[in-house]
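The values are calculated or read from the model by the stated rules, or taken from the named source; none is laboratory data. Everything quoted here is computed from the prediction, not taken from an experiment. Neighbour counts run over all protein chains shown; Cβ positions are idealised from the backbone, glycine included. Calculation scope for accessible area: heavy atoms of the full protein, side chains included, ligands and nucleic acids excluded. Shrake-Rupley method; radii C 1.70, N 1.55, O 1.52, S 1.80 Å.
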Amino acid sequence: MISSSIVQNQCINLSFASLLTATLTYWIRTVFKLAPRKYSFAFFMICISNVCLGIMLSLRWFTAGYFPLSNLYESLVFLTWGITAIHLLIEYKTGSFLIGAIAAPVAMFTIAFASLALPVDMKQAAPLVPALKSNWLMMHVSVMMLSYSTLILGSLLSILFLVLSKGQDVKLQGSSTGNTYGVNKQGAISSETDTLTH
């Protein structure tokens, strides 16, 4: 019978390999401006990585008897799972492969740091301290880690937007107030309603 730790290590290794492949594929598509497809090879590699990380976290939860967010290693694996899950959701909704070009390397470096840089004793599941034996560990910390995943991707997409728009007039549509805003070359924000009233 294969031990749970071997399966967990194989899941992490397969996840890293699929993230590396997805990163290279997204970067090649971005550099050579290849025609986008709805479901690309890189998208499926991210799916494989997400499933492997989910299996690893589930096995850890089953064998240790607690939700796997009690140490840095488990938190980084969960953060990587969150980044890949949110990336898959955004790419599925928008169809933009640029999201993968920035999200896949972040997920790859996060899982690489967790599996290669941390000492072995930090990767071992240990009994929880009494302060962590609560349902709040599962509810609060998991929501916070998913929030961090969303924040990381949102920040990277904002930086990408600034890099791609470099000094051009940008028409933003779909604001919460129903107005269409534009940014002029001086950086001032103007709306169509302002130009109509002045």
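Tell me the label-point distance for the pair PHE113, GLN168, using the 7 Å Cα-to-Cβ offset, in nm and rounded to one decimal.
Between PHE113 and GLN168, the label points sit 3.2 nm apart.
Rg over Rh of region 20-95, using C-alpha atoms and the Kirkwood radius, what does it come to?
Ratio value, two decimals: 1.08.
Round to the nearest 0.05 the FRET efficiency obtained for GLN124 and SER155 when R0 = 30 Å and r is the Cβ-Cβ distance.
0.40
Take the alpha carbon atoms of region 1-160, find their radius of gyration, then divide it by 2.2 N^0.38 Å using N residues; give the quotient.
This ratio for region 1-160 stands at 1.07.
Can you sort LEU172, LEU69, LEU160 by solvent-accessible area, 1.4 Å probe, largest first?
In descending accessible area the options line up as LEU172, LEU160, LEU69.
Computed FRET efficiency, Cβ-Cβ of ILE2 and THR30, R0 45 Å: what is it to the nearest 0.05?
0.70
Report LYS93's accessible area, 1.4 Å probe, all protein chains in place, as a number in Å² to the nearest 10.
150 Å²
Report the Rg/Rh value for region 92-137, based on alpha-carbon coordinates and the Kirkwood definition of Rh.
Details: Rg = 17.0 Å, Rh = 14.0 Å.
With Rh from the inverse mean 1/r over Cα pairs, Rg/Rh is 1.22.
Take the Cα pairs of region 9-60, get the Kirkwood Rh, then feed it into Stokes-Einstein at 37 °C and 0.692 mPa s and tell me D in µm²/s.
The Stokes-Einstein estimate is 284 µm²/s.
Quote the FRET efficiency, to the nearest 0.05, computed for TRP136 versus TYR39 with a Förster distance R0 of 41 Å and r equal to the Cβ-Cβ distance.
Working from the Cβ atoms, E equals 0.60.
Within region 1-158, what whole-number % of the accessible surface is contributed by carbon and sulfur, with the 1.4 Å probe and all protein chains included in the calculation?
Ligands and nucleic acids excluded, carbon and sulfur reach 74 percent.
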